[in-house]
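J.: First the structure, then my questions, so here it is.
Only the coordinates and a few stated rules stand behind these numbers; no lab work does. Computed from a prediction, not measured in an experiment: that's the story for all the values here. When we count neighbours, we look across all protein chains shown, and the Cβ atoms used for this are built from the backbone with ideal geometry, even at glycine.
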Amino acid sequence: MHNRSFFRIFMQTGAWLILAFLLLPMLVVIPVSLTDKSYISLPQDGLSMQHYTNYFTSAEWLWATGTSLFIGVGVALCATVLGTAFAIGCWFLSDRMSTIARWILITPILVPPVVQSLGFYRFWVQLGLIDTYTGVILAHTLLALPYVSISVFAALANLDRRIPQAARSLGASVWTTVISVVVPAAKPGMMAGAIFAFIVSFDEIVGVLFITVRNVQTLPKMIWQGIQDNIDPTIAAVATVLTVITLVLMAVGALRKS
């Protein structure tokens, strides 16, 4: 009994330490964003909102934020449609063919981002897609496809294969069966996949650095440039805003489930 109690305390302590290791760096960003200095530091003479003002009044920062949102939504739509179609197609295939197709699709997750970005750069140069919104959306869609397909695969795992067969035996066409039977079962996975696709696109930086120059300026690229040129505390303000938005969305999701 004593050993079991000690093991429980040890596991709980380890869990809290890991949680603190993950969260404390994010919490440090908040006081840094309130610094009264023009460089990265903790507040010294008092708290200041100047860096939040700089973010919300800067045309460059707001344009970069809008660009990331626009690209993220476009990627979420494209990846959800293509990933869902792929997952449904694999669902109708034999188990062996479906497994092979899945392994091929998840290749982007296994390949290092730098290698992917170099491949995008060489291919996009030939297609004339360098430094274009279309090129970024296509590249991010390819990166997000595995996350959407995996989510839809998980949702379709609970669908009994005899249900579509019954619909077909009653005279429904393949298209009607897919729309009326398979797609509703896949909706939870589609929603989760769309969220993952948006996050992947919104947070992606390596590929953007390879395939954009000046015309496309995303928020991660602005943050990267801010770190490289002059460590601007506005970066901490942006990070705090994104953290607060994430926490609010998580809280809303938790309240809706409860």
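J.: Counting only residues 5 or more places away or on other chains, whose amide H sits under 5 Å from the amide H of Thr212 once H atoms are built in the peptide plane?
T.: Close amide H contacts, sequence-distant or interchain: Asp131.
J.: Using Cα centres only, tell me the gap between the stretch 171-248 and the stretch 23-78 in whole Å.
T.: The stretch 171-248 and the stretch 23-78 have Cα centres separated by 17 Å.
J.: Right, here's the next one. Set Lys and Arg Cβ to +1 and Asp and Glu Cβ to -1, take the dipole of the chain about its Cα centre, and tell me which of Tyr39, Val178, Thr57 lies farthest positive.
T.: The Cα lying farthest towards the positive end belongs to Val178.
J.: Just to check I understand the Karplus step: with θ = phi - 60° and J = 6.51 cos²θ - 1.76 cosθ + 1.60, what whole-Hz values come out for the stretch 133-148, glycine and proline as x?
T.: Result, ordered by residue: 5, 4, x, 5, 5, 5, 5, 5, 5, 5, 6, 8, 3, x, 5, 5 Hz.
J.: Considering only Met191, Thr218, Gly207, whose Cα is most displaced toward the positive end of the charge dipole of the stretch 60-228, charges sitting on Cβ of Lys, Arg (+1) and Asp, Glu (-1)?
T.: The residue sitting most towards the positive pole is Met191.
J.: Right, something else. Could you state the principal axis extents of the C-alpha atoms in the chain, from the largest down, to the nearest angstrom?
T.: 76, 69, 33
J.: Next question, about the same structure. If you take all C-alpha pairs in the stretch 199-248, what percent of them are over 15 Å apart?
T.: Details: 622 of 1225 pairs.
Result: 51 percent of Cα pairs exceed 15 Å.
J.: Once Lys and Arg get +1 and Asp and Glu get -1 on their Cβ, which of Val148, Gln116, Val136 lies farthest toward the positive end of the dipole of the stretch 60-228?
T.: The one lying farthest along the dipole's positive direction is Val148.
J.: Using the Cα centre as the reference, give the magnitude of the dipole from point charges on the C-beta atoms of the stretch 60-228 (Lys, Arg: +1; Asp, Glu: -1; all else neutral), rounded to the nearest 20 debye.
T.: 440
J.: Pop out the ³J(HN,Hα) list for the stretch 23-28 in order, Karplus 6.51 cos²θ - 1.76 cosθ + 1.60 with θ = phi - 60°, rounded to Hz; leave Gly and Pro as x.
T.: Per-residue couplings from phi come out as 8, 4, x, 5, 5, 5 Hz.
J.: Measure nothing fancy, just the Cα-based angle from helix 95-105's long axis to the longest principal axis of the chain, in degrees from 0 to 90, nearest 10.
T.: Approximately 30 degrees, to the nearest ten.
J.: In whole angstrom, and with the biggest value first, how far do the Cα coordinates of the stretch 109-258 range along each principal axis?
T.: Cα extents, longest axis first: 66, 47, 25 Å.
J.: Can I ask one more? Using the Karplus equation 6.51 cos²θ - 1.76 cosθ + 1.60 (θ = phi - 60°), what ³J(HN,Hα) coupling, rounded to whole Hz, does each residue of the stretch 161-172 give in order, writing x for Gly and Pro?
T.: Working through the residues one at a time gives 5, 6, 5, x, 5, 5, 4, 5, 5, 8, x, 6 Hz.
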